[in-house]
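Structure, as structure tokens:
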Amino acid sequence: DEQGTVATAATTEDTEWITSISVGTPAQTLPMDFDTGSSDLWVMGASTSGTSGHTTYNANTSTSAEAMSGATWTISYGDGSSSSGDVYTDVVTIGNLTVSQQAVEVATTLSSEFTSDTALSGLVGLAMSSINTVKPTAQQTWFDNIKSNLASPLFTADLKHGEQGSYNFGYIDSSAYTGSIYYADLVTSSTYAGFWSFVSNGYSVGSNTTTTTGSTAVTGIADTGTTLLMLPDAVVAAYYAEVSSAVDSEQEGGYIFSCDATLPDFTFNVGEGSITVPGEYLNFEAISTGSSSCYGGLQSDSGIGISIFGDVALKAALVVFDSGNSRLGWAAK
Ligand SMILES: O=C(CN1CCCCC1)Nc1ccc2c(c1)OCO2
């Protein structure tokens, strides 16, 4: 009945959270992006071009590494980034929990988004193994491999605004949240199968004084690998209608507003309850260094096909990825 916890820390502007894992024997420590929106654990290889400045994984120096002959993988993400390569199995330890034969996908090709992001060595996919990209045989995620050893078949994400957070495996830390955990069942329809997906049946803009509420039902995914909160046009327009300086900028590819604007809170329903994202989380960053125009943390999901509750929303909550009960839990903190 194992339990584990691992610290995670955001890069500048809360753009991505980096979490260290150990791979191989002797252990190679790698800074990774834990991504509940995908299901491949991949690492930059020591001999891969474009990895200078990165910490990389060398299967040749790991006595526990074994090549998975004939296996390959290739993945592309919603932001247009991509990577591909071959596959080994090796020992992978996260927060003192060890999977002895984890599929470790080694990148031999990397898009520029990854070669230029020297903060990370790869990704730990934490969505369902059904969407793992390894061929000819899809591989299990690290979580699916460790799950049966855990006290409870779940993990939690506790990302924080501008400070260190944590991922816990096998238990819910009762001191990490306030009030109740509100649960929503996973959505199993084809578009959402494979993701930590749920339906939010309403939202409101602003704190309890002036609020506009909407009954738009939003079906989205809890995605630690996506920075922003990406919701349907109608919801996003209703939010920015309360921000007098906001405009939907073609040039910037989304809503921008005056950096000194006081932004309203954004509240979305989950099950019997709701989660409130503080207005300050919805000012993502200046559109350029020193600019007085800022880019919104809430943007439209048009063109994506699904709504995404990314880090802007996740850091307002303790989020429970409850595999055992096929549900997602959200609690204030
Ligand atoms: O691509 C991602 C997340 N992805 C996680 C792995 C690292 C690279 C970024 N999110 C995303 C998903 C849909 C999108 C989008 C971004 O921009 C427009 O549509």
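The values are calculated or read from the model by the stated rules, or taken from the named source; none is laboratory data. Given the structure is predicted, the values throughout are model-derived calculations rather than measurements. Neighbour counts run over all protein chains shown; Cβ positions are idealised from the backbone, glycine included. Protein only, heavy atoms only, side chains kept; ligands, DNA and RNA dropped before computing areas. Shrake-Rupley method; radii C 1.70, N 1.55, O 1.52, S 1.80 Å.
Full extension from S244 to S82: what is 0.36 nm times the residue separation minus their Cα-Cα distance, to one decimal in nm? Please list the in-between numbers first.
Values: separation 162, 0.36 × 162 = 58.32 nm, distance 3.78 nm.
This chain segment gains 54.5 nm when fully extended.
Averaged over every viewing direction, what's the projected area of the C-alpha convex hull for the chain? Give it in nm², one decimal, please. Walk me through the numbers before you get to the answer.
Values: hull surface 66.6 nm².
Averaged projected area of the chain's Cα convex hull equals 16.7 nm².
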> Of all the accessible heavy-atom surface of the chain, with the other protein chains kept in place and a 1.4 Å probe, what percent is carbon and sulfur?
Replying inline: 45
> Packing-wise, with mean Cβ within 10 Å as the measure, how do 73-81, 323-331, 85-93, 32-40 rank, highest first?
Replying inline: 32-40, 85-93, 323-331, 73-81
> At q = 0.17 Å⁻¹, what base-10 log of I(q)/I(0) does the Debye formula yield for segment 111-219 when every alpha carbon is treated as an equal point scatterer in vacuo?
Replying inline: -1.23
>> Test of understanding: express the Cα radius of gyration of segment 38-79 as a ratio to 2.2 N^0.38 Å, with N the residue count.
In response: 1.35
>> If I model segment 160-224 as equal point scatterers sitting on the Cα atoms and use the Debye formula, what is log10 I(q)/I(0) at q = 0.17 Å⁻¹?
In response: -0.96
> With r defined as the distance between the Cβ atoms of S49 and A138 and R0 fixed at 22 Å, what FRET efficiency is calculated, to the nearest 0.05?
Replying inline: 0.20
>> Give me P(r) over segment 19-101, computed from all C-alpha to C-alpha distances, binned every 5 Å, as integer percentages.
In response: 3, 13, 23, 27, 22, 10, 2, 0
>> I'd like the Kirkwood hydrodynamic radius of segment 209-300, using the inverse of the mean 1/r over distinct C-alpha pairs, in Å.
In response: 13.9
> Using 1/(1 + (r/R0)^6) with R0 = 51 angstrom and r between the beta carbons of T262 and E66, what's the FRET efficiency to the nearest 0.05?
Replying inline: 0.35
> Sorted from largest down, what three extents in whole angstroms do the Cα atoms of segment 1-152 have along their principal axes?
Replying inline: 41, 39, 31
> Quick one: if you stick a label point 7 Å off each Cα along the C-beta vector at T109 and T188, how many nm between them?
Replying inline: 3.6
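Which whole-number percent gives the relative contact order of the chain, counting Cα pairs below 8 Å spaced six or more residues apart?
Numbers: 865 pairs, mean separation 62.9, N = 333.
The value is 19 percent.
Dividing the Cα convex hull volume of segment 60-131 by residue count, how many Å³ per residue is that? Don't skip to the answer; put the middle values down first.
Details: hull volume 9.2 nm³, N = 72.
In segment 60-131, the Cα convex hull volume per residue is 128 Å³.
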> Excluding ligands, DNA and RNA, what is the solvent-accessible area per residue of the chain at a probe of 1.4 Å, expressed in Å²?
Replying inline: 41
>> Could you work out how much longer the chain between Q3 and A237 gets when fully extended? Use 0.36 nm per residue separation minus the Cα distance between them, nm to one decimal.
In response: 80.0 nm
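Is the shape of segment 1-61 best called rounded, prolate or oblate, per the rule: a/c under 1.5 gives rounded, else a/b larger than b/c gives prolate, else oblate, with a ≥ b ≥ c the square roots of the Cα gyration tensor eigenvalues?
Numbers: a/c = 1.86, a/b = 1.18, b/c = 1.57.
Cα axes put segment 1-61 in the oblate bin.
Would you please give the FRET efficiency between T15 and S130, computed as 1/(1 + (r/R0)^6) with r the Cβ-Cβ distance and R0 = 41 Å, to the nearest 0.05? If you can, show how the numbers build up before the last one.
Details: r = 28 Å, r/R0 = 0.69.
My answer for the efficiency is 0.90.
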> What is segment 1-124's relative contact order, in percent, from Cα pairs under 8 angstrom and six or more apart in sequence?
Replying inline: 32
> Which value at 222 nm does the chain reach when only helices count, each DSSP H run of 4 or more adding -39,500 (n - 2.57), with the total divided by all residues and rounded to the nearest 500 deg cm²/dmol?
Replying inline: -1500 deg cm²/dmol
